[in-house]
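Heads up: the structure comes next, in C-alpha cells.
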Amino acid sequence: AAAAVAAAAAAAGSPSFSSLPSSVVRSEGEAVAAAASASRRAMSHWAQYEMGPPDPIVGLNEAFGQDDFEDKVNVGVGAYRGDDGRPFVLPVVRKAEKIMEGHHLDHEYLPIAGDPIFAKLATEFVYGKDSAPIAEGRLAAVQTLSGTGGLRVFGEVLAKGGHTHIYIPDPAGANHIPIMK
C-alpha cells in the first residue's frame with residue numbers, strides 16, 4: 001500500500017516519504033497518510049492552502065502508542081483509559097447520563113450564548129453561589145461547543161476589550177496560536 005501511495009503521490013507531483021521532514025513524519029503509517037493527503041491536496045482546489053503545523057499535544061498520544069514500556073501512563077489529550085487501554089467513562093459521567101435520560105430533551109438549538117441555566121450553574125460552581133463577582137454582577141458567561149471554540153470566543157472578548165497580548169503555554173494545541181491571531 002505504501003508503494004502505491006508513493007507512486008500516486010509522485011505522479012501528482014507530491015513529496016515522497018524521504019522528502020517529508022522527520023519532524024512531521026513519526027511512522028511509516030503517518031508517512032503513507034501524509035503522502036496520500038499531499039496527493040489529494042495537489043489535485044484539488046485546496047492545494048493553494050498551506051498545511052498547518054503538527055500538533056505537539058497529539059504527538060504525546062502518538063509517542064505513547066509507540067512506547068513499549070509495560071507500565072506507561074498516557075497523559076496526553078483524550079479520554080481517560082483503563083488498564084485495558086480502552087476509554088474509561090467516569091462513574092459520575094454515567095450517573096449524569098442516566099439523569100439526563102429521564103429529561104426527554106427535545107434537542108432544539110440553544111440560544112447563541114448557550115443554555116442560560118447551564119451558564120449560571122457553571123459560574124456558581126466555579127466562583128461560589130454567594131461570591132462577590134456574582135453578587136455584584138461582574139461576570140458574564142457563555143456556553144461554547146468546545147474548548148477550542150471557547151478559547152476563540154474568549155480571544156475575541158479580550159481583543160474587543162483592548163488586550164493585545166495573550167500568553168499560551170508550551171506545549172499548546174497547534175490550533176491555539178492561530179485562533180488567537
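The values are calculated or read from the model by the stated rules, or taken from the named source; none is laboratory data. Here the structure is a predicted model, which means the values were calculated and not measured. Reconstructed Cβ throughout: ideal geometry from the backbone, glycine too, with neighbour counts over all protein chains shown. The protein model used for the area step is the full one, side chains on, heavy atoms only, and it has no ligands, DNA or RNA in it. Shrake-Rupley method; radii C 1.70, N 1.55, O 1.52, S 1.80 Å.
Could you tell me the accessible area of LEU105 in Å² (1.4 Å probe, neighbours in place), rounded to the nearest ten?
Looks like 100 Å² after rounding.
Only loop residues by DSSP count here, and only those with at most 13 other Cβ atoms within 10 Å; note down the chymotrypsin sites (Phe, Trp or Tyr not before Pro) in the stretch 127-181 that meet that.
TYR167
Can you work out the FRET efficiency for the pair LEU60 and VAL126, with r the C-beta to C-beta distance and R0 = 41 Å, to the nearest 0.05?
Values: r = 27 Å, r/R0 = 0.66.
With R0 = 41 Å, the Cβ-Cβ based efficiency is 0.90.
Given a 1.4 Å probe and heavy atoms of the protein chains only, how would you sort ARG81, ARG152, ARG138, largest accessible area at the top?
Descending order: ARG138, ARG81, ARG152.
For a 30 Å ceiling on Cα separation, which of these pairs sit above it: LYS120/LYS160; LYS72/LYS129; LYS95/LYS181; LYS98/LYS160; LYS98/LYS181; LYS72/LYS98?
Working: LYS120/LYS160 23 Å; LYS72/LYS129 40 Å; LYS95/LYS181 40 Å; LYS98/LYS160 41 Å; LYS98/LYS181 41 Å; LYS72/LYS98 33 Å.
Going by Cα-Cα distance, LYS72/LYS129; LYS95/LYS181; LYS98/LYS160; LYS98/LYS181; LYS72/LYS98 fall outside the 30 Å limit.
Using a 1.4 Å probe and ignoring any ligands, DNA or RNA, find the accessible area of LEU151 and quote it in Å² to the nearest 10.
60
Leaving out ligands and nucleic acids, and using a 1.4 Å probe, what accessible area per residue does the stretch 108-181 come to in Å²?
81
Quick one: how many Å² of MET51 are accessible to a 1.4 Å probe, rounded to 10?
Near enough 110 Å² of accessible area.
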